[in-house]
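Report on the structure given below.
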Amino acid sequence: MARKLIRIGTKLSPHIIVAGIVDQESVNPVYLVWDQRDWCPKACKLFDTDSEAKHEASLLSSFSHPNIARCFGSEKPGLMLMEFLEGPTLSHYIGAQKNKWLSVGNAMRVAIYIGSALAHMHRSGYLHLDVKASNIMIVRSRPVLIDLGTAREINAGKPTSITGTDTYMSPEQCLRERLTTASDVFALGVLLFRMLTGEFPFVQKRGAKSFAQLRDQALSLRKIRPSVPLALEKLVYQCLARDAKQRPTLEVLLPALHIFITSGPAMWPDHG
């Protein structure tokens with residue numbers, strides 16, 4: 001059932017007033033709101049129930065990382081309040097580029113920052129499971145991971161349903177098999193492919209009954225963009241390996257990606 005659209009100026013609670021629309025199309029829409037109690041703007045995600053809002057707020061509040069959106073708690077009726085991130089989604093940012101892709105250096109920077117956010121989640125015992133360009137905000141050049149609606153504990157066992165976004169999901173997600181940190185690495189590989197080419201590595205054929213990543217080989221990255229280093233292409237394909245055990249860990253992947261930043265800020269000092 002479609003949620004009723006909310007107009008600017010609507011009061012969501014006695015002190016929360018809608019000031020703008022961030023994402024009104026999702027199952028859980030997000031609005032820019034003005035908090036009259038704290039006298040500041042915030043982002044507000046709407047849920048069907050108070051328990052859903054409380055659960056995601058509790059999860060998001062358990063993380064403390066500069067590349068994960070901060071949460072300010074939940075309140076009735078079904079509201080979760082977060083920091084308002086001013087900037088485009090990575091999806092819009094990619095689309096605004098001349099060639100519909102990012103420079104190699106900037107693609108590496110985004111992947112490393114988001115990878116570090118995922119590593120923080122993994123150390124805390126959780127998987128994100130919906131890493132995608134529309135779930136990343138670019139805030140003054142700082143990539144920030146948002147939307148933990150699909151996050152689950154690493155040791156939660158096999159999922160009972162398929163959750164995530166088709167074009168980014170790992171094979172084990174598609175098959176509802178055991179999920180591990182490698183599942184997020186696969187999605188990061190898809191994100192890398194998209195940032196470097198403007199395309200998705202697996203093309204879902206119209207009318208197909210199964211996920212393309214289960215039956216097809218990934219597209220040729222360097223055929224789409226020949227200037228990408230061969231070693232980087234191989235690294236992306238390792239992330240996209242059908243066998244989760246063949247994918248690199250984030251601890252191995254992030255330093256390997258950093259090698260391909262050859263201009264602009266190095267991101268961290270040289271300790272050599």
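Based on the alpha-carbon gyration tensor of the range 131-255 and its eigenvalue square roots a ≥ b ≥ c, which shape applies: rounded if a/c is under 1.5, prolate if not and a/b is larger than b/c, or oblate?
Numbers: a/c = 1.44, a/b = 1.18, b/c = 1.22.
Rounded, since a/c falls under 1.5.
Net length available on complete extension from S227 to T262 is 11.2 nm, with 0.36 nm assigned per residue and the Cα-Cα distance removed.
Segment K205..V252, full-extension length gain: 13.6 nm, with 0.36 nm per residue of separation and the alpha-carbon distance subtracted.
Rolling a 1.4 Å sphere over the protein heavy atoms, what is the accessible area per residue of the chain, to the nearest Å²?
Working: 14190 Å² over 272 residues.
It amounts to 52 Å² per residue over the chain.
Taking a ≥ b ≥ c as the square roots of the eigenvalues of the Cα gyration tensor, the range 9-95 is classed as rounded, since a/c falls below 1.5.
Stretching the chain fully between W39 and S161 yields a gain of 39.8 nm (0.36 nm per residue, less the alpha carbon separation). Backbone geometry of the range 130-141 corresponds, through the Karplus equation with coefficients 6.51, -1.76 and 1.60 at θ = phi - 60°, to 3J(HN,Hα) couplings of 8, 6, 7, 4, 7, 9, 10, 9, 9, 10, 6, 6 Hz, x marking Gly and Pro. Spin-label model, S64/H92: points 7 Å from Cα along the beta carbon direction are separated by 3.1 nm. The alpha-carbon of K45 sits under 24 angstrom from the alpha-carbons of these lysines, leaving out residues fewer than 8 places away in its chain: K4, K11, K54, K76, K132. Determine the share of the range 136-272's accessible area contributed by carbon and sulfur atoms, expressed in whole percent, with a 1.4 angstrom probe. About 53 percent, which is the carbon plus sulfur part of the accessible surface. Projecting the Cα atoms of G9, S227, T163 onto the charge dipole of the chain, computed from C-beta unit charges around the Cα centre, puts S227 farthest toward the positive end. Relative to the dominant Cα principal axis of the chain, helix 181-197 is inclined by about 80°.
A Förster distance of 22 Å, applied to the separation of the beta-carbon atoms of L5 and K76, puts the FRET efficiency at 0.60.
Of the three principal axes defined by the Cα atoms of the chain, the extents in descending order read 57, 43, 35 Å. Surface composition of the range 1-132: carbon and sulfur make up 55 percent of the accessible area, probe 1.4 Å. With a ≥ b ≥ c the root eigenvalues of the C-alpha gyration tensor of the range 66-137, is it rounded (a/c under 1.5), prolate (a/b larger than b/c) or oblate? In terms of gyration-tensor shape, oblate.
The values are calculated or read from the model by the stated rules, or taken from the named source; none is laboratory data. The model shown is predicted, which means the values in this text are computed figures rather than measured ones. Reconstructed Cβ throughout: ideal geometry from the backbone, glycine too, with neighbour counts over all protein chains shown. Just so you know, the surface numbers come from the protein's heavy atoms only, side chains and all, with ligands and any DNA or RNA stripped out. Shrake-Rupley method; radii C 1.70, N 1.55, O 1.52, S 1.80 Å.
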